[in-house]
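Below: one structure, written as structure tokens.
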Amino acid sequence: MTDVELISRITRRDRAAFDAFYDRYAQIIFGLCLRILRDRAEAEDALQDIFVQIWKEAERFDPARASAKTWIFTIARSRSLDRYRSRKSVQQRVEAETTDFAAVPGAGDLQQSSLMQQYVGRALEQLSKDQRYVLELSYYEGLTQEEIAERLGEPLGTIKSRIRSSLIKLRSLFAGERSDG
Amino acid sequence: MVKHAELDQIPLYAVGALSGEEKRKLEEHLTGGCELCEAELFEFQETVNRLPYGLAAPQLPAEMKERIRAKVEAVDAQKPSRIRWSTVLQLAAVIALFVIAGSLYWKQNGLLMEREKQLETLEAQRQAELRDLEAKLEQQKKEISWLRDPSVQLALLTGAQPNSKGKMVWNPTLSQGIFYASALPQPGEQKTYELWVIGNKGPVAAGVFAPDQQGSVVFTISRISEPAEGKLQFAVTIEPAGGVSKPTGSIIMAGTPL
């Protein structure tokens, strides 16, 4: 069943469809939450909030406007960034910062890397370190192009070009692949 | 030629790096329905969607699924009947249609009722006019028939006021008559004109009347209280309002049959 079909069933309060959706996306979304929040407990809370939001707002999904993945990851990223920004402890934020694009919690938490992970990882390795870093700052840290330029002390135009070129390169590397749903 | 400077903004927008006025303008452009930019955005969004797959996959807590199920059930318990906005909108549209139809009906009904009232009023007026015309027609028929009757007497009444004139058409067989007068002034406050038929036994009251605005009178005497016999006279006096059984006031005009 496609993502669109699953979401359509969720709008009709189909619990089995919701479970299937969880099985399909929970782990990847958890990984995204963990990457943004750098805290397991927070990431678990965020994951629950995200799936409750999916349950409540499934009928808002419009396949004409975006793919199911875009919809799901937008919810997950927004929720996680909101939670990250609302943290009261500045110290927590400082400790959470990292320059390592693939930073994760302890090795014991890791599952065997999937083919997909290897595939994406290899594509990311085709980018320069600077390109990977600006993508990390914008996607996982939620910084705007202006904020990135300020943090790195580089001209805005440079940052724009760097982000643009990194995504254009990734797009060409991923070309020919079609995501489900 | 379509200039698409917006295309350069698409990758930045897809990854969430665009902000402020640039973001607003691009969103406005996309809302405007630019198919080229929409297609570009879709592709870059799918590219960005791959990024989380490049992360290491952490172990999910075994009970996480159950925790989420419990939360979802708690959400549904707070809202026992989930509202589908499409259904609400449809219902609202149906209710709005009923309200509009109902108000149109009542408005139309109100207009019809008003029209009906107007027609009823007009009908009543027409009926009154018809009755009036019928009465006049009967009157004229009677006059014509009396004129043909040789026993009918005609008397001219005159008085102190030279302009005021009266005429009595009297049917002695029926003791009925028609009195005509012209240029009669109004009788005055609490006063009335009264007509008398004077026979051998004295004056007999024949009725009270009042002239119209022009001072004209057409007064039908359908009956008198007692027969008037012998050579008759006719007279008009001014009496207290409502009339009297025997004349008390001054004679305004009088006359005998020709």
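Note on the range B:150-181: among residues that are in contact with a Phe, Trp or Tyr (Cβ under 6 Å, 6 or more places away or on another chain) and small (Gly, Ala, Ser), the one that is nearest to B:LYS136 (Cα to Cα) is B:GLY177. For the range A:120-140, taking the residues that are touching a residue at least 12 places away in the same chain (Cβ under 8 Å) and of a type in the set (Asp, Glu), the one that is farthest from A:ARG38 (Cα to Cα) is identified as A:ASP130.
Going through (1) exposed (fewer than 15 other Cβ atoms within 10 Å of the Cβ); (2) under 16 Å from the mean Cα position of the chain (by Cα); (3) more than 30 Å from A:GLU5 (Cα to Cα) one by one, A:ARG132 falls short only on (1). For the range A:99-122, which residues satisfy the criterion of being more than 7 Å from every other protein chain (Cβ to nearest Cβ), closer than 19 Å to A:GLU42 by Cα and either surrounded by 14 or more Cβ atoms within 10 Å (Cβ to Cβ) or modelled with pLDDT of 85 or more (or both)? Passing the criteria: only A:ALA103. A:ARG162: more than 9 Å from chain B (Cβ to nearest Cβ), modelled with pLDDT of 95 or more and not in a loop (DSSP other than H, G, I, E, B), yes or no? Answer is yes for this residue. Selection of the range B:214-240 for residues being surrounded by 13 or more Cβ atoms within 10 Å (Cβ to Cβ) and small (Gly, Ala, Ser) yields B:GLY215, B:ALA228, B:ALA235. Scan the range B:31-62 for residues that are touching a residue at least 12 places away in the same chain (Cβ under 8 Å), among the hydrophobic types (A, V, I, L, M, F, W, C) and not in a loop (DSSP other than H, G, I, E, B) and the total you get is 5. Just one of the listed residues (A:ARG9, A:ARG77, A:ARG83) is away from chain B (no Cβ under 12 Å), part of a helix (DSSP H, G or I) and under 18 Å from the mean Cα position of the chain (by Cα), namely A:ARG83. Looking across the range A:133-148, the residues that are assigned to a helix (DSSP H, G or I) and at the interface with chain B (Cβ under 10 Å from one of its Cβ atoms) come down to A:VAL134, A:LEU135, A:GLU136, A:LEU137, A:SER138, A:TYR139, A:GLN145, A:GLU146, A:GLU147, A:ILE148. Within the range B:126-143, does at least one residue satisfy the condition of being surrounded by 15 or more Cβ atoms within 10 Å (Cβ to Cβ) and touching a strand residue (DSSP E or B) at 6+ places or on another chain (Cβ under 8 Å)? Within the range B:126-143, one or more residues are surrounded by 15 or more Cβ atoms within 10 Å (Cβ to Cβ) and touching a strand residue (DSSP E or B) at 6+ places or on another chain (Cβ under 8 Å). Of all the criteria given as (1) in a helix (DSSP H, G or I); (2) facing another protein chain (nearest Cβ under 8 Å); (3) among the small types (Gly, Ala, Ser), the one not satisfied by B:ALA17 is (1). Considered as a group, the residues in the range B:65-78 that are aliphatic (A, V, I, L, M) and within 7 Å of chain A (Cβ to nearest Cβ) include one that is nearest to A:ALA41 (Cα to Cα), and that residue is B:ILE68.
Of everything in the range A:33-70 that is in contact (Cβ under 8 Å) with a residue 60 or more places away in the chain and in a helix (DSSP H, G or I), the residue that is farthest from B:ARG50 (Cα to Cα) is A:ARG40. Mind listing whichever residues of the range A:10-24 are hydroxyl-bearing (Ser, Thr, Tyr) and over 14 Å from A:GLN53 (Cα atoms)? Passing the criteria: none in range.
Here B:THR47, B:THR31 are screened, and the one residue that is out of contact with any Phe, Trp or Tyr (no Cβ under 9 Å at 6 or more places or on another chain) and either polar (S, T, N, Q) or within 9 Å of chain A (Cβ to nearest Cβ) (or both) is B:THR31.
The values are calculated or read from the model by the stated rules, or taken from the named source; none is laboratory data. Every value quoted in this text rests on a predicted model; they were computed, and no experiment measured them. Here Cβ is always computed from backbone atoms with ideal geometry, including for glycine, and neighbour counts include all displayed protein chains.
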